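Everything on this sheet refers to the single structure shown next.
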Amino acid sequence: MIKKYRFGKPFETDAILTQMQEETEAPCIAQGSFQTNGHFSFTYLMDDTDVIYGLGEANRGINKRGYVYESNCTDDPNHTEEKVSLYGAHNFIIISGKQQVGMFFDYPGKIRFDIGYTRQDTLTVSCDDADLYLYVITGESAYDVTKQFRKLIGTSYIPPKFAFGFGQSRWGYQTAEDVEKVVKGYRENGIPLDMVYMDIDYMQDYKDFTINPERFPDFPSFVQKMKEQHIRLIPIIDAGVKIEEGYDIYEEGVKKGYFCKRADGSDFVAAVWPGWTHFPDVLNKDAREWFGSKYQILIDQGIEGFWNDMNEPAIFYSKEGVEDLNEAMKAFVHSLEEPQEQAHREDIMDNANALPYEVREKMNRIQNSPQDYERFYHKVNGEMVRHDKVHNLYGFNMTRAAGEAFSKIAPDKEILLFSRASYIGMHRYGGIWTGDNQSWWSHILLNLKMMPSLNMCGFLYCGADLGGFGSHTTRDLLLRWLALGVFTPLMRNHAALGTREQECYQFENTNDFKHVIGVRYRLLPYLYDTFVKAAKENDMYFKPLGFEFPEDKYAVATEDQLLLGNELMITPVYTQNAIGRTVYLPEEMMFVKFMPDGTILQEEMTRGYHFIDVALNEVPMFIRKGKQVSIVDVAQSVAEIKPETAKVIGYR
Ligand code: MIG
């Protein structure tokens, strides 16, 4: 059962389009209480065994207990354990214990989920303004509550089939030759590949929807040539529009008043990759339509997919921020001009750490600063809304701009689309990637844990940067991560500028990579069908074990395995130098291992704990009792998969 409550004057986020009658009485949840005196808070006394699910793309566990999380879309490339905000804002939680209660806090500003941090037994959800919609969903189980919520928020985005192939990306591919080298590296080594991603260097001076003609002469022919090799090019689109005389998108946006404005009505100016930029006001319907229509420029050149970046929106600094810093710097320099001993002055100048605290503070805080988010406004239905109040809707609406435009520009075409920042509701328009992780073993596990939580919030087409974005990867890390990536809908190897090259062919014995990625293609028809079914039926693609086995405390506590569809359980290895791992089987299952020689090992296993051996070049999974999956022969691309080679393996 779903109930909708209104507090104060909520902003219409469009997370939920389903019309629903609002309750007239205040919400009542056993062991919980609401405070709405100006601020909003909900406090709940948790039982020892209560599990708190949800929050989509967030740090830490599947069970969110024991920490604090803040929905506040943030460009932070250092996902260490103490971080409270990542790129997404997914305000849906389920309290699962004596009662099964889902709560969606439809609030577009910063909102805090203290889940046993301040007091281990207390859950507190709080935000500054008591202006929000609250949806309370009760059901038989966490899984049941999730399915009701998913139905409420609308059908998830389904990408084109090629997007289930493997993609290679790197921040640093600059030219058509760079792209060709990647394709050659894969094709020559027989490692399947369907997509090469184009990061910011393909653009002319980082201007959205432009192509650098020296780096990519005759781009449409190049796109075509790649397509003939079954490769799609997927360009990145950044949120900021470069300020430059003569750049049509900039000029149009200014003329039409489609950029975010300061309180005085002037266009807000922020520095991002292109230098000074304006942000398209994607919360304004007309501006959103206008920005979305620009994707056609690339679609007309043969492009069939995009990734939207920097849409928290990320800000290196603003005009005002620099001004502030300048003032602090000036004051500091001025202080040095006071008579002082020369030696001391040089000492200070040599050592940035010796800068006064105030200056250092300002330097650190100038990036993505909360002050900047208070400096610009959106025009929504004729009213000016200060950005910080609706901060978490920007990435959603940038992606919505594209998604809504696609249905007009190319109604018969499926277009790949995913975003970095997001809010619930965006799942109807695109997927997400989980941003700038690191080449750390702990991030394989973080990747796994985020997946079912994201599915709960409607985001089905998801994945992490395999191999790790920041830091230098290692061969074994990449292989183990790929063996998880085999199962994630978005399977993409991506790395940051300056890190070790991590295309699969950069390492010795490329056959191991060929095999692991090959397993993805052998399973691809099954994975695709499972995905489409999950989307259409408002179901999950990945589930925590506790969703199917809520009575089994060992299953509920298992956070390093996932159920996939109704047939599979995945158990990737995520520690270095491991020879395998311990797995928990909540029921008897068939252990399946894809061996490097192409054979498939199958072994029945009883309920309980087992140790499974898994070498670096093997891919493990389990088939549930009474279930079967079809497996095809390996292909080099999705288009080349031969359905007639399908064989069924299963467990009666
Ligand atoms: O400030 O476009 O998360 O995937 O490679 C960094 C360059 C901007 C951040 C994205 C990352 C991408 C990078 N971008």
| So which of E25, E81 is acidic (D, E) and under 20 Å from K449 (Cα atoms)? | E81
| request: Give the residue, chosen from N455, N509, that is in contact with a helix residue (DSSP H, G or I) (Cβ under 9 Å, 6 or more places away or on another chain), modelled with pLDDT of 95 or more and over 30 Å from I93 (Cα atoms). | output: N509
| request: Report whether or not L152 is more than 16 Å from the ligand (Cβ to nearest atom), touching a residue at least 60 places away in the same chain (Cβ under 8 Å) and in a loop (DSSP other than H, G, I, E, B). | output: no
| Residue that is away from the ligand (no atom under 16 Å from the Cβ), closer than 20 Å to T571 by Cα, assigned to a helix (DSSP H, G or I) and not aliphatic (A, V, I, L, M), where the choices are Y505, Y526 | Y526
| task | Filter the stretch 44-67 for residues that are surrounded by 17 or more Cβ atoms within 10 Å (Cβ to Cβ) and of a type in the set (V, I, T) and give the result. | result | V51, I52, I62
| remark: By residue number, the members of the stretch 584-600 that are under 25 Å from S439 (Cβ atoms) and surrounded by 21 or more Cβ atoms within 10 Å (Cβ to Cβ) are F594
| Could you list, in sequence order, the residues of the stretch 76-97 that are more than 16 Å from the ligand (Cβ to nearest atom) and within 21 Å of L134 (Cα to Cα)? | A89, H90, N91, F92, I93, I94, I95, S96, G97
| task | Residues that are over 28 Å from the mean Cα position of the chain (by Cα): find the strands (runs of 3 or more DSSP E) completely inside the stretch 1-71 holding 2 or more of those. | result | 2-7, 32-35, 40-45
| Within the set of pairs 6 or more residues apart or between chains, which connect a residue that is farther than 24 Å from Y206 by Cα inside the stretch 222-238 to a residue that is within 16 Å of the ligand (Cβ to nearest atom) and assigned to a strand (DSSP E or B) with Cβ atoms less than 9 Å apart? | K227/L233
| said: Six or more apart or on different chains, Cβ atoms under 8 Å: show the pairs whose first residue is in the stretch 425-448 and farther than 11 Å from C462 by Cα and touching a residue at least 60 places away in the same chain (Cβ under 8 Å) and whose second is assigned to a helix (DSSP H, G or I) and within 15 Å of the ligand (Cβ to nearest atom). | reply: Y429/T399; N437/H443; N437/N447
| query | If you check E251 against the conditions, is it out of contact with any Asp or Glu (no Cβ under 6 Å at 6 or more places or on another chain), without any contact (Cβ under 8 Å) to a residue 24 or more places away in the chain and more than 22 Å from R386 (Cα to Cα)? | reply | yes
| said: I'm checking my understanding of the structure. Among residues of the stretch 158-173 that are over 18 Å from the mean Cα position of the chain (by Cα) and within 16 Å of the ligand (Cβ to nearest atom), which one is surrounded by the fewest Cβ atoms within 10 Å (Cβ to Cβ)? | reply: G172
| said: Being within 29 Å of L497 (Cα to Cα), away from the ligand (no atom under 16 Å from the Cβ) and modelled with pLDDT under 95 narrows it down to one residue among N397, N351, N392; which is it? | reply: N351
| query | Does any residue of the stretch 184-206 turn out to be away from the ligand (no atom under 16 Å from the Cβ), farther than 21 Å from A402 by Cβ and free of Cβ contacts under 8 Å to residues at least 24 places away in the same chain? | reply | yes
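The values are calculated or read from the model by the stated rules, or taken from the named source; none is laboratory data. Quick caveat, the model's predicted, so the values are computed rather than measured. Glycine also receives a Cβ, built like all others from the backbone with ideal geometry; neighbour counts cover every protein chain displayed.
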